[in-house]
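A.B. asks: I have a structure I would like to understand better, so I am pasting it below and will then ask my questions one at a time.
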Amino acid sequence: MRFGVVVFPGSNCDHDAWYAVSKNLGHSAQFIWHDSSSLGEVDAVILPGGFSYGDYLRCGAIAKFSPVMTAVRDFASRGGLVVGICNGFQVLVESGLLPGALLRNRELKFVCRPVTIRVETTNSPFTCRASKGQTLIVPVAHGEGCYFADDATLASLKRDDRVIFRYMDNPNGSLDDIAGICNQSRNVMGMMPHPERAADALLGCTDGRVIFESMLQFLSAKKPVLA
Amino acid sequence: MSELSASELDKVRAILKREPNETEVGIFTVMWSEHCSYKSSRLHLKKLPTKSDRVLVGPGENAGIIDIGEGVDGKRWAIAFKIESHNHPSFIEPFQGAATGVGGILRDIFTMGARPIAVMDALRFGTLDDPINGERNKRIVEGVVSGISHYGNCFGVPTVGGECVFEPCYNGNPLVNVFALGIFRHDEIFFGRATGIGNPVIYVGAKTGRDGIHGASMASSEFTEDSMQKRPNVQVGDPFMEKLLLEACLEAMRTGAIVGIQDMGAAGLTCSTCEMGSRAETGIEFDLALVPQRETGMTPTEIMLSESQERMLLVAEAGRENEVFSVFKKWGLDAVTIGRVTNDGILRVKDHGVVVAEIPNRELADEAPLYDRPHNTAPYRPAPVEPPASFTSRADRDCNADLATLLGSGDLCSKSWIWQQYDYMVRTNTIAGPGGDAAIVRIKDTDTSVAMSLDGNGRYCALSPREGARLLVAECCRNLSTVGAMPVAATNNLNFGNPERPEIMAQLVEAIEGVGEACSFFDTPITGGNVSLYNETLGEAIWPTPVMGIVGLMKTAPPVTIPFKNEGRTVILLGGLGTCDETRFGGTQYVKSVLNTLWGLPPALDMDYEKRVQAAIRKIVVEGHAESAHDLSGGGLAVALAECSMGGSGMTGIGAAIEISSPLPADLALFHEAPSRILVSTAVPEVVERIARENNVEALRIGVTMKSRLRIDHNAVTRIDSPVDWFRGVFENALEGQLAPQHV
């Protein structure tokens, strides 16, 4: 499988995502520079963590205007798998590919630590290899990860089974303990925790691998989308 | 603001053979400031060991470089590392002061061609319960921590460890020392040298503004009542710009078109131009009108002395400028040719074609005045040698309560409130992060990991600068050995008061000699560092606070960490119970936090024994005989046992039943801080004992791990007995509680 890892100026988990899918999981991965209008030959796209464009104005607010996001939107509209991690989640929300907003953490401080999240649904390309209710230990590292949405949005997320992960020990004040959600078509997911940091046994935890392995299983069962 | 003295001005006249103009005086003032020229310390720094088979680059460059051997790619790899202080700015403006401290040291690393992969911080603050300064000290802590967090996290370098201590002597002079480490291959090393006559001198990165003017000279004088008015002297950092600069510089270096590069740190454009010229024995001629500026109407002096952040100066091969420009354009950064390398050795600064300064590079950069400041007196001591009468006639104490006091003290409590604000995992190399004896970062593409430890002990050094310095080198090396790493090289940050006072200068000299003796003995040459003097406010000096950063190498492997892992394991005190007397007890954390006083001398160190203990623990850990390992330091045996018992993240604590017999009274036996001791829990005690015997060190079986309780018997009397959860509650919640504002 071919993963594309988007690199915005200020992305700093781009290499980590690349390393996890290529070195830890043994698949091919390539970087996609923010000003390219095409994604190239990829089966799935990762929007990595970091501080795209310095996160000036609002996290992810400037990244949504970069040329590569037009290609990402197009890829997603044709059913391509897109996962946004941390800043990538913020970019997806700002771009309108996912609903809601990510606010400053309730404690108003950056928080970096492993958290326990629960798999809320296996009906997604990102969790199809996990089991419902399974708990995963995955690190968070963010200052603005407090998920917020209006009542109607929250109701539709719950009604449509689009809450993918919830925190067991909410580190940021997210509404309804939401740690990750997907879009209506279920092919775009955003999550604040970093699965790419939990993919290497040497670093103490491999719980994040199930997310990439789910994507791989989903893709191998399905004809890949051409970018 | 420190200014040139009359004799220094005479020296300037002798060099120039004429009167200097205003711009030239400004240039000499910053280059010959204590901060840039080390004029008070240079004479003594020469005593430090700087060489070994592994040292590729020693002091004098932007960072030291150590060979770490061959990678899986067959190429030879290296690490660059250094420590720098940003003490004065962090007092005046804690957030930006600390943030730009991180930014400055990161540039020192990547200007050599290395990618930064780890940062650590040594922090010193005034006490949080100080009746006068407590609330201000809290704000300084929060500002400094959020500044480091802001800069490091956004830049994308993990802050993997550090230390934080509170003492009243840092009320008016907090210390912020930042250590950074980067990796690269030997063929990727760059130097700050302006070689090749006629080559273009290129300015890259952020535009120049009026910020930070005279920062270097501010850092070279004492604080007075009006120091707070120097806030404009503190620079403002932009970690996003620095991240772009990093990626652009490393990419531009790969083009092969760059011949030399140096960051603009203290003294900005002045320092980078004259040092690059001096190292290459060339001149540099450039025009200030070409320097990208973000303000209008800046004078030549202001442009030359600005310490605006995120700027680099590089020299490219003539004719290949466009290869460099295209990389910087890709990253959206300014890159402008501002001048040329010349053959006359002169720094010639023009403004719209008119020469405004003309100074020989070598004299400016390398011939700063050298002072042999008087120090033929005893180092200043803030405390008596003898213990107070109240201590020598004391009754039995409640050691259980005293242990809780220590675990909840600012110095020994959990610092997770601080390090959870740092991204300590980004770049996915952190094998062991904050909270351990040493941090471990693996180096991808090799089977080598780097362990690093940062340590200082102003308390010990106040009692004896020489012994304190030796102890902290030993402690750093012991930290590294405890995780299985071989110590190989060091960097140091010497934080002291006013060197023009002989009793302070004596502290500095003694400490440098102590560091030198220990670093020679442990084979950890000093590859660079920083000296921060004039840490005084209104005549009140900080305690002598040398901070060591020592790095060690190990084969990449899952880490052996502090917490006990299983019940029913043998607990061994490698190195034995150690010795102590009442005088040597006076500098301990126990005396500080429980008795609220200070006296005596630091613990006694036998370096030879220490080295053997370290050799033994390395073998025990590397061969996999230890399930946990933790070296004893502040708070002695009792605190170390509590730390082993409280468990790591997500772990339920496993305690222990411990029995020791000692001729010392219980408080001394449990809380003294004699070095050369390491706690190990093991399933194979006889193997551990054999290795100890082979190294001629003691290995004492002191107990067995057990579920959820820590009990310590001393001479058959139970002195400590509590659930480990209770200790953990005290330990984990202390700092946040102390930082909460006190409303009157």
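A.B. asks: Of the residues in segment B:314-330, how many are surrounded by 20 or more Cβ atoms within 10 Å (Cβ to Cβ) and within 14 Å of chain A (Cβ to nearest Cβ)?
C.D. replies: So the count comes out to 2.
A.B. asks: Another question, then. Only one residue in B:493, B:530, B:479 is in a helix (DSSP H, G or I) and of a type in the set (S, T, N, Q), so which one is that?
C.D. replies: Just one listed residue meets the conditions, B:479.
A.B. asks: With respect to residue A:112, determine if the residue is within 23 Å of residue B:158 (Cβ to Cβ) and not polar (S, T, N, Q).
C.D. replies: Criteria met by residue A:112.
A.B. asks: Counting only residues that are open to solvent by less than 20 Å² (accessible area, probe 1.4 Å), away from chain B (no Cβ under 14 Å) and not small (Gly, Ala, Ser), how many does segment A:95-146 have?
C.D. replies: 7
A.B. asks: Have a look at A:151, A:161, A:169 and point out the one that is free of Cβ contacts under 8 Å to residues at least 12 places away in the same chain and either of a type in the set (D, E, K, R) or more than 23 Å from residue A:52 (Cβ to Cβ) (or both).
C.D. replies: A:151
A.B. asks: It is to be established whether one or more residues within segment B:130-144 are within 14 Å of chain A (Cβ to nearest Cβ), in contact with a Ser or Thr (Cβ under 8 Å, 6 or more places away or on another chain) and not small (Gly, Ala, Ser).
C.D. replies: Yes: segment B:130-144 contains one or more residues that are within 14 Å of chain A (Cβ to nearest Cβ), in contact with a Ser or Thr (Cβ under 8 Å, 6 or more places away or on another chain) and not small (Gly, Ala, Ser).
A.B. asks: May I pose another question? Select from segment B:150-176 the residues that are open to solvent by less than 10 Å² (accessible area, probe 1.4 Å) and either on the phi > 0 side of the Ramachandran plot or of a type in the set (Gly, Ala, Ser) (or both) and write down the one among them that is nearest to the other protein chains (Cβ to nearest Cβ).
C.D. replies: Only one residue fits best here, namely B:156.
A.B. asks: Kindly check whether there is at least one residue in segment B:602-612 that is aromatic (Phe, Trp, Tyr), in contact with a Pro (Cβ under 8 Å, 6 or more places away or on another chain) and either open to solvent by 40 Å² or more (accessible area, probe 1.4 Å) or at negative phi (or both).
C.D. replies: No, segment B:602-612 has no match at all.
A.B. asks: Among (1) surrounded by fewer than 24 Cβ atoms within 10 Å (Cβ to Cβ); (2) under 23 Å from residue B:193 (Cβ atoms), there is one condition residue B:293 misses while meeting the rest; what is its number?
C.D. replies: Tallying (1) surrounded by fewer than 24 Cβ atoms within 10 Å (Cβ to Cβ); (2) under 23 Å from residue B:193 (Cβ atoms), residue B:293 fails exactly one: (2).
A.B. asks: Yes or no: residue A:12 within 12 Å of another protein chain (Cβ to nearest Cβ) and touching a Gly at 6+ places or on another chain (Cβ under 7 Å)?
C.D. replies: Yes: the conditions hold for residue A:12.
A.B. asks: Quick check on my filter: what residues within segment A:160-203 are out of contact with any strand residue (DSSP E or B) (no Cβ under 8 Å at 6 or more places or on another chain) and within 11 Å of chain B (Cβ to nearest Cβ)?
C.D. replies: A:199, A:200, A:201
A.B. asks: Select the strands (runs of 3 or more DSSP E) contained entirely in segment A:131-176, then report the ones holding at least 1 residues which are touching a helix residue (DSSP H, G or I) at 6+ places or on another chain (Cβ under 8 Å) and hydroxyl-bearing (Ser, Thr, Tyr).
C.D. replies: Output list reads A:146-148, A:163-167.
A.B. asks: Take residues that are closer than 21 Å to residue B:525 by Cα and not hydroxyl-bearing (Ser, Thr, Tyr) and tell me which of the helices (runs of 4 or more DSSP H) falling wholly in segment B:26-125 contain 3 or more.
C.D. replies: Qualifying helices (runs of 4 or more DSSP H): B:42-45, B:94-110.
A.B. asks: Is it the case that residue B:403 is part of a strand (DSSP E or B) and crowded, with 24+ Cβ neighbours inside 10 Å?
C.D. replies: Taking the combined requirement at face value, the residue does not satisfy it.
Listed here are the residues, each with its yes/no results for (1) under 18 Å from residue A:12 (Cβ atoms); (2) in contact (Cβ under 8 Å) with a residue 60 or more places away in the chain; (3) within 14 Å of chain B (Cβ to nearest Cβ).
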residue	(1), (2), (3)
A:28	no, no, no
A:31	yes, no, yes
A:38	no, yes, no
A:43	no, yes, no
A:48	yes, yes, yes
A:51	yes, no, yes
A:54	yes, no, yes
A:57	no, no, yes
A:61	yes, no, yes
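A.B. asks: Could you please find all residues in segment A:16-49 being open to solvent by less than 10 Å² (accessible area, probe 1.4 Å), under 17 Å from residue B:244 (Cα atoms) and outside any loop (DSSP other than H, G, I, E, B)?
C.D. replies: Answer for segment A:16-49, where residues must be open to solvent by less than 10 Å² (accessible area, probe 1.4 Å), under 17 Å from residue B:244 (Cα atoms) and outside any loop (DSSP other than H, G, I, E, B): just A:32.
The values are calculated or read from the model by the stated rules, or taken from the named source; none is laboratory data. Quick caveat, the model's predicted, so the values are computed rather than measured. Methodologically, a virtual Cβ is constructed for each residue, glycine included, from the backbone with ideal geometry; neighbour enumeration extends over all protein chains shown. SASA here: full protein model, heavy atoms, side chains in, ligands and nucleic acids out. Shrake-Rupley method; radii C 1.70, N 1.55, O 1.52, S 1.80 Å.
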